[in-house]
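Chemist: Here's a structure for you.
The values are calculated or read from the model by the stated rules, or taken from the named source; none is laboratory data. Given the structure is predicted, the values throughout are model-derived calculations rather than measurements. Cβ placement follows ideal geometry from the backbone for every residue including glycine, while neighbour counts extend to all protein chains displayed.
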Amino acid sequence: TLYGHLSLESIENLSVGTFFNKGEQIGTLGSSDINGDYAPHLHFQIIHNIEAYSGDYPGVCSTNDLNFYIENCPDPSLLLKIT
């Protein structure tokens, strides 16, 4: 899973593969100057195969690649039980 737009200070001691307990805080929301001038928010994404990406993963794609990303990044609302 990918947790994006968190403050850099809150995640500086984390590493890929870290496990968390239920209810444990992962980090804090980053300010707008950290996350591309958007209001603070969490970007949560499930990724089956992150390939060679490290530290970043495409947030947009072309229509030609859409089917790949739909399969590789399933809708997280099913896991989060959001309708």
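Chemist: When residues of segment 22-76 are filtered for being closer than 13 Å to residue 2 by Cα and among the hydroxyl-bearing types (Ser, Thr, Tyr), how many remain?
Modeler: Going through segment 22-76 one residue at a time, the tally reaches 3.
Chemist: Out of 50, 34, report the one residue that is surrounded by 10 or more Cβ atoms within 10 Å (Cβ to Cβ) and under 12 Å from the mean Cα position of the chain (by Cα).
Modeler: 50
Chemist: Looking only at segment 53-65, filter to residues that are at pLDDT below 95 and exposed (fewer than 12 other Cβ atoms within 10 Å of the Cβ); which one of those is nearest to residue 80 (Cα to Cα)?
Modeler: Applying the filter and picking the extreme gives 59.
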